[in-house]
Amino acid sequence: MLIVGAGPTGLWLALWLTRLGVRVRIVDRAAEPGTTSRALAVQARTMEYGDQIGIARAMVQAGVEVESLNFWTGGRRAARVPIRSIGEGLSPYPFPLVLPQDVHERLLIERLGQLGVKVERSIEVTRVEQDEQRVRAVLTRDGAEEIVDAAYLAGCDGASSTVRDQLGIGFPGGTYSGAFYVADVDASGPTVDGSVHVDIEDEDFAIVFPLKAGERVRLVGILRDGVDPDRELSFEDVRGRAIAHLQLNVTAVHWFSTYRVHHRVADRFRSGRIFLLGDAAHIHSPVGGQGMNTGIGDAVNLSWKLAAVLGERAAESLLETYEPERIAFARQLVATTDRAFSVVTASGGFARMVRTRVVPALAPTVTRLTVLRRLIFRIVSQIRIEYRHSALSAGRAGGLHGGDRLPWVELSPGVDNFTPLSSLDWQVHVYGAARGDLQEACVQLGLALHRFEWVTKMAAAGFKRDALYLIRPDGYIAWADAGADPSQLRSYFDRHRLTVARQFRV
Ligand SMILES: Cc1cc2nc3c(=O)[nH]c(=O)nc-3n(C[C@H](O)[C@H](O)[C@H](O)COP(=O)(O)OP(=O)(O)OC[C@H]3O[C@@H](n4cnc5c(N)ncnc54)[C@H](O)[C@@H]3O)c2cc1C
């Protein structure tokens, strides 16, 4: 298995595949890992995937759990919204985590190293071709070419993907006219406090993100008319009103960059034995901090399917479910971040009024309402992503459908229904009592059966008492059956030509 690109998408794919027992080779044309903070927001769904492979705790330790979201206008704080536990009861990670991308990537590289996988650097993939049996890639290092044969290839090579170009897959969309600046600075002032601060002015907009305890923060803002983003700019070009309004006293600038925002989704995410993931497949505005997390979701989705096919535990047709499951969300995301980006950057009178008056006035009230607070968390954290329309999804029990993410239920402090997901295997969950013949069917199929004592909050999470939930290795419900019928369980595995990976303990 060859992975092209060792950004977050390629590294997560390599980690999951390695944990699933697949031998991978991961190459990157860059001589060194990235050293800039780029994507900061790590969403709860990503942390849940991290939990499954044992890296979530290290990620939390290396990052900042954001305390609150603050809105500033006219040089004063107009609203403060506590978000440290905004997703309480919905995920073991109820907070937005800020983790700079370079720190995140280093952590993944370190974990891969512990598992015996080293990222091979200064290697560029210049050509790829395939037939029905193999993929052939041309790797170039210092002008010398190496030809590599692999069973499958994952193009995790970013927005200007060579793999996508080689496949001739279109990347339709466009580029917004405006541009952003980003700066990592040392600063002091009331907005350097472990929280996120958004300054919204008539003609200006800036956000402060905490980078780590102390005085380092990330500043993001919009380059307004009159500032040419294609000219070489420096922090002095943007040290403007918004920064003054945020009362930031900047003492050192560590990184400054400007970038244009694109919105594109590849026409296809798969061609034969070659897959596109992450920015190679979809790019959109950074509003909501979704981009990198979506790439990680692609990687997890593909990893267990590839592992099953390579391990001859599934028919190759399983791989056909990758694109429909992931492309639908990417398209929807581009449309929604598009709208949000337009509101944030629009300069018309109405948009200005929404930004400077309506948002700060409504935000605290809206987030005090539990229903709305939970809805916002579900959307932003990506726990709401579902695959109900996938060919792999079937059945319904209680409020849960095949294709839904398994809801999280805390049973006692530190004990929850996500713990068994670290096996990265198919498994059956029953909330309540399990039929005797179900136990037998699970043993025959080689499936672990996890039974959880019924508590009323399970109903609130959508579970039906005594029903059967068949869970995929990535924590999504594949099939739900209120009657917990073992014969239906067997026919699910027959229909999809699946077998289970390893031995287990009931
Ligand atoms: C300034 C900035 C700020 C951002 N802020 C956010 C944010 O706040 N939130 C968010 O979610 N996202 C943000 N993003 C986007 C985020 O960085 C990307 O979504 C993320 O890096 C995508 O990861 P990836 O692994 O898919 O691709 P990349 O990180 O682009 O990695 C691709 C890798 O492939 C390698 N490569 C490319 N071509 C080849 C080849 N032919 N052969 C071998 N190797 C190759 C590259 O060297 C690179 O290491 C930001 C991006 C930038 C630039």
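The values are calculated or read from the model by the stated rules, or taken from the named source; none is laboratory data. Predicted, not measured: the structure shown is a model, and the values here were computed from it. Quick reminder, even Gly has a Cβ in these numbers, built from the backbone with ideal geometry, and neighbours come from all protein chains shown.
From the residues in the stretch 14-57 that are closer than 29 Å to F377 by Cα and within 9 Å of the ligand (Cβ to nearest atom), which one is surrounded by the fewest Cβ atoms within 10 Å (Cβ to Cβ)?
If we take residues in the stretch 14-57 being closer than 29 Å to F377 by Cα and within 9 Å of the ligand (Cβ to nearest atom), then T36 is surrounded by the fewest Cβ atoms within 10 Å (Cβ to Cβ).
How many of the residues making up the stretch 184-213 are assigned to a loop (DSSP other than H, G, I, E, B) and under 27 Å from the mean Cα position of the chain (by Cα)? Spell out how you get there, then give the answer.
Step one: of the stretch 184-213, the residues assigned to a loop (DSSP other than H, G, I, E, B) are 189-195, 201-204, 211-213.
Going one step further and asking which of them are under 27 Å from the mean Cα position of the chain (by Cα), we end up with 192-195, 211-213.
Number satisfying all stated conditions: 7.
Can you tell me how many residues in the stretch 318-358 are modelled with pLDDT under 95 and either of a type in the set (S, T, N, Q) or in a loop (DSSP other than H, G, I, E, B) (or both)?
Within the stretch 318-358, residues that are modelled with pLDDT under 95 and either of a type in the set (S, T, N, Q) or in a loop (DSSP other than H, G, I, E, B) (or both) number 9.
Checking the structure you have, find out if any residue of the stretch 433-447 is in a loop (DSSP other than H, G, I, E, B), surrounded by 18 or more Cβ atoms within 10 Å (Cβ to Cβ) and among the charged types (D, E, K, R).
Quick first cut of the stretch 433-447, residues in a loop (DSSP other than H, G, I, E, B) only: 433-435, 446-447.
Imposing the further condition that a residue be surrounded by 18 or more Cβ atoms within 10 Å (Cβ to Cβ) reduces the set to 434, 447.
Those left that are additionally among the charged types (D, E, K, R): none.
The answer is no; no qualifying residue exists.
Looking at (1) farther than 30 Å from A154 by Cβ; (2) of a type outside the set (A, V, I, L, M, F, W, C); (3) more than 22 Å from the chain's Cα centre (by Cα), which one does S271 not meet, given that it meets all the others?
The number of the failed condition is (1).
Taking helices (runs of 4 or more DSSP H) that fall entirely within the stretch 1-109, which contain at least 1 residues that are of a type in the set (S, T, Y)? Working first, answer last.
Details: elements: 8-19, 44-52, 56-62.
In the stretch 1-109, the matching helices (runs of 4 or more DSSP H) lie at 8-19, 44-52.
Charged (D, E, K, R) and touching a residue at least 12 places away in the same chain (Cβ under 8 Å): does that describe D157? Before you say what the answer is, go through the steps one by one.
On the way: charged (D, E, K, R): yes; touching a residue at least 12 places away in the same chain (Cβ under 8 Å): yes.
Yes; evaluated as a whole, the condition is true for this residue.
Is it true that some residue in the stretch 58-78 is among the charged types (D, E, K, R), more than 8 Å from the ligand (Cβ to nearest atom) and buried (at least 19 other Cβ atoms within 10 Å of the Cβ)?
Applying the first criterion (among the charged types (D, E, K, R)) to the stretch 58-78 yields 65, 67, 76-77.
Next, from what is left, pick out any that are more than 8 Å from the ligand (Cβ to nearest atom): 65, 67, 76-77.
Subsequent filtering for residues that are buried (at least 19 other Cβ atoms within 10 Å of the Cβ) retains none.
So far as the stretch 58-78 goes, no, none of its residues is among the charged types (D, E, K, R), more than 8 Å from the ligand (Cβ to nearest atom) and buried (at least 19 other Cβ atoms within 10 Å of the Cβ).
Condition check: surrounded by 14 or more Cβ atoms within 10 Å (Cβ to Cβ), assigned to a strand (DSSP E or B), in contact with a helix residue (DSSP H, G or I) (Cβ under 8 Å, 6 or more places away or on another chain) and among the small types (G, A, S). Does A478 satisfy that?
Values: surrounded by 14 or more Cβ atoms within 10 Å (Cβ to Cβ): yes; assigned to a strand (DSSP E or B): yes; in contact with a helix residue (DSSP H, G or I) (Cβ under 8 Å, 6 or more places away or on another chain): yes; among the small types (G, A, S): yes.
Here the answer is yes, as A478 does meet what is asked.
If you check every pair at least six apart or on different chains, which have Cβ atoms under 6 Å apart with a residue in the stretch 117-137 that is at positive phi and among the hydroxyl-bearing types (S, T, Y) first and a residue that is within 14 Å of the ligand (Cβ to nearest atom) and assigned to a loop (DSSP other than H, G, I, E, B) second?
Hits for this filter: S122/A31.
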